[in-house]
Amino acid sequence: MKHLSQLWPGMLVLASVGFGQTALAHPDIEEFSDTAFAEQPVTVDCTLEDGTASRCYEIKVNYMPKDLDIGPFCPATLNDAGGIWDWTGENAKLYRIDGSFLEMLDELGYRFFDDDGTVHTVDNATERPTVDHACINVSADESVEITMLLPVTPVMAETPSQLGTVTKVGVALDGVPIFSDAPSIQQTGHMPALDTCGGHIDPGGWYHWHATSTDIETVFEKEGVAADCTLDQNSSALFGYAFDGHAMYGSTESDGAEVTGLDACNGHVGSTPSGEVYHYHATDEFPNLPACLVGVQAAENFSTTATAGVGATRAGEGGRNEPPRPGDGTSGQLPPGVEEAAETLGVTVEDLMRALGDPQAGQPDMSAAAKSLGIDEADLRSALPPPPNR
């Protein structure tokens, strides 16, 4: 039985419990809401990403739960208030999308409104932006169904898997998929606005979370954001399950106590209603999700019937657009030399930009980026242009 510190030397793991079967909780289908599923989950044979044969829960959900109240997203004018956005440039923090925020972006060179104060808003699933900077508000496709796989018995990975931009994280108890941080304005030129619970609609037409929505007001309080989520807030509640099978809780323990001893993925072995097991916790900073996943996910664990967007299996058939991508002529300018580097490395520009992360967030983790791309770190460093002088 290995201790966490043996599995991942250097990680900030303080748990004293080893990773045997007694420390790993199984996802509990009974914890999901009555309206979460399009049909009752079943247990199926599956293969984990490390090649291990396993058993998984196959979960099918609709484009959005029937009783979920979403929005607002983009404000109509500078006099209105929309959703929220985590700005990563100068004056970085979480903001309510309102006139003062958009005017600040304007001063930084990102103009999202006309002279009369009308906000540039576009449904990029059905039309392309005609301006340099637009607020994205995607229309829903009620026909979409999503299929996800959760390992019945979690398996610890040799090393954690890092979560980049729009990486699959898990599924909430309401059946809504959970993804890591949305693309930055600096990468695409546009702002795919989140509502005040931290979610929005994918270009494929289905709703998903970019936050632990049942504890997002803890973040609002810390960041000084004047917003309210329509969902009940409970910092100690189970929010959902990550795609490695581990539970995701709010920012406090199940008894309301302060969380201690978290590892680099925001998880630890601690007390839950399922016993002393490994689980993740939300943070008080946005996005308040795990920073990485410690377990092995099922291969091909996410697909949709959508015609665009993440997991699309019928791409190009339904008239919906893929979102604007870096370098496709509908987004912001790529950093110099990135297209040439992608060609040299034999990867797409999109995958390279996703691996490197937000250019405004500081120097990328080159080791993690190389691993996510499946290439040698030395090759990545040699292909990339040198950073600009600052």
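Computed from the coordinates by the stated procedures, all read-outs in this text should not be read as laboratory data. Bear in mind the structure is a predicted one, so any value in this text is a computation, not a measurement. Heads up, the Cβs are rebuilt from the backbone with ideal geometry, glycines too, and the neighbour counts pull from every protein chain shown.
Details
- Label sites at Lys60 and Asp114, each approximated as a point 7 angstrom past Cα along Cα to Cβ, lie 4.5 nm apart.
- Sparsely packed chymotrypsin sites (Phe, Trp or Tyr not before Pro) within segment 35-65, loop by DSSP, other Cβ within 10 Å at most 16: Phe37
- Backbone geometry of segment 146-155 corresponds, through the Karplus equation with coefficients 6.51, -1.76 and 1.60 at θ = phi - 60°, to 3J(HN,Hα) couplings of 10, 10, 10, 10, 10, x, 5, 10, x, 10 Hz, x marking Gly and Pro.
- Filtered trypsin sites (Lys or Arg not before Pro), segment 32-96: DSSP coil and at most 14 other beta carbons within 10 Å: Lys66
- In sequence order, segment 220-232 has phi-based couplings of 4, 5, 5, 7, x, 9, 8, 8, 10, 8, 6, 7, 4 Hz under the Karplus curve 6.51 cos²θ - 1.76 cosθ + 1.60, θ = phi - 60°, and Gly or Pro positions carry x.
- Convex hull projection area averaged over all views, segment 33-89, Cα basis, nm²: 7.8 nm²
- Taking amide H positions as modeled 1.01 Å from N, with prolines and chain starts lacking one, the residues under 5 Å from Ala264 and 5 or more places away or on another chain are Leu12.
- Reachable lysines, given that their alpha-carbon falls under 30 Å from the alpha-carbon of Lys93 and they are not under 8 places away in the same chain: Lys168, Lys222, Lys371
- Stretch gain in nm, segment Asn91-Asp132, where the contour uses 0.36 nm per residue and the Cα spacing is subtracted: 12.7 nm
- Loop-located GluC sites (Glu not before Pro) in segment 253-313 (DSSP state not H, G, I, E or B) with no more than 16 neighbouring Cβ atoms inside 10 Å: Glu285, Glu300.
- Scalar couplings 3J(HN,Hα) for segment 193-208, obtained by applying the Karplus form with A = 6.51, B = -1.76, C = 1.60 to θ = phi - 60°, are 3, 9, 7, 6, 9, x, x, 7, 9, 5, x, x, x, 10, 8, 8 Hz; x denotes Gly and Pro.
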